[in-house]
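A.B. asks: Structure incoming, see below.
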């Protein structure tokens, strides 16, 4: 079992008459990702509400801030207990057999226009065995054709834009992979969080976006950007695309600065220090 300890500091200047915030920075809790301890500190004496979505386990922090400086500091220690499986044993699930709550992840969405990529997806992946290896092939295809380049996209960049421009950041890689998966009837969703083990050459630790594909009745982890270690993914939120899983949604006139994030692996409950590593088998932190 991997135990990760992290902290997130967000700083804002709230202008005029205040602003409302919805944050998704709390570690999700399920059978495979357990919050050992956590703490939230707000620089303003504010009432706040924490809501957990019963399906995705995403936790939403809501608050109304007064005008002036606002600092949000969240820290937690989390245990990751991955479900593992051999790729050759993981098949796709036919559309007629999918659970109802999975169906939204088959459809086109704001940033993942799968309906515009059907011909491409069928040409490239339609002939492949319908299982984990086909999703791996989609991941590899995206990773080989798109170049990771910081600050190369914006909040309006879609999967089709990324396909045309051939550059992007982690969310763009995720959107393109999701769109291609859905184009061949594989449910796929957008996941956000932070990761342990990214290369220091990429700069300070930041939020990370990755993909979960629904195979063999479970959501499995994929990183199309290739810049992180899936075993080190610590989940915050999931959704159809980035529109559903922003770490902060702000309603009002606010100026913010870059988040400050720290993360480290620490000894688990058995006193063992287990570090995330790349593996050949499939991984899931989907708590069924």
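Laboratory data are not the source of any read-out in this text; all were calculated from the coordinates shown. What you see is a predicted model; the values in this text were computed from it and never measured. Don't worry about glycine lacking a Cβ; one is built from the backbone with ideal geometry, like all the others, and counts go over all protein chains shown.
A.B. asks: To test your reading of the geometry: what angle, between 0 and 90 degrees and rounded to tens, separates the Cα axis of helix 170-183 from the longest principal axis of the chain?
C.D. replies: Approximately 40 degrees, to the nearest ten.
A.B. asks: Sorted by average packing, counted as other Cβ atoms within 10 angstrom per residue and highest first, what order do 27-33, 250-256 take?
C.D. replies: Highest to lowest by the protection proxy: 27-33, 250-256.
A.B. asks: Show me 133-145, 46-58, 209-221 ranked by packing, highest mean number of other Cβ atoms within 10 Å first.
C.D. replies: The most tightly packed comes first, giving 209-221, 133-145, 46-58.
A.B. asks: Subtracting the Cα-Cα distance from 0.36 nm times the residue separation, let me have the gained length for residue 258 to residue 17 in nm, one decimal.
C.D. replies: 84.5 nm
A.B. asks: To the nearest 10 degrees, how steeply does helix 132-145 sit against the main Cα axis of the chain, on a 0 to 90 scale?
C.D. replies: For helix 132-145, the angle is close to 70 degrees.
A.B. asks: Once fully extended, how much extra length lies between residue 137 and residue 83, figured as 0.36 nm per residue of separation less the alpha-carbon to alpha-carbon distance?
C.D. replies: 17.3 nm
A.B. asks: If you take the beta carbon distance between residue 250 and residue 166 as r and set R0 to 30 Å, what does 1/(1 + (r/R0)^6) give as a FRET efficiency, to the nearest 0.05?
C.D. replies: Using R0 = 30 Å, I get an efficiency of 0.45.
A.B. asks: Stretch residue 42-residue 149 to full length: gain in nm at 0.36 nm per residue minus the Cα-Cα span?
C.D. replies: 35.2 nm
A.B. asks: Please report how far the C-alpha centroid of region 52-121 lies from that of region 28-47, rounded to the nearest whole angstrom.
C.D. replies: Value for the Cα centre distance between the two parts: 19 Å.
A.B. asks: With each run of n ≥ 4 DSSP H residues scored as -39500 (n - 2.57), what mean residue ellipticity at 222 nm is computed for the chain after dividing by its residue count and rounding to the nearest 500 deg cm²/dmol?
C.D. replies: -4500 deg cm²/dmol
A.B. asks: Let me ask something additional. Can you compute the label reach from residue 281? Point 7 Å from Cα along the Cβ direction, backbone N cut-off under 18 Å, restricted to region 199-224.
C.D. replies: 215-222
A.B. asks: Further question on the same structure: Expressed as a rounded percentage, what relative contact order does the chain have, with Cα pairs under 8 Å and six or more residues apart?
C.D. replies: 29
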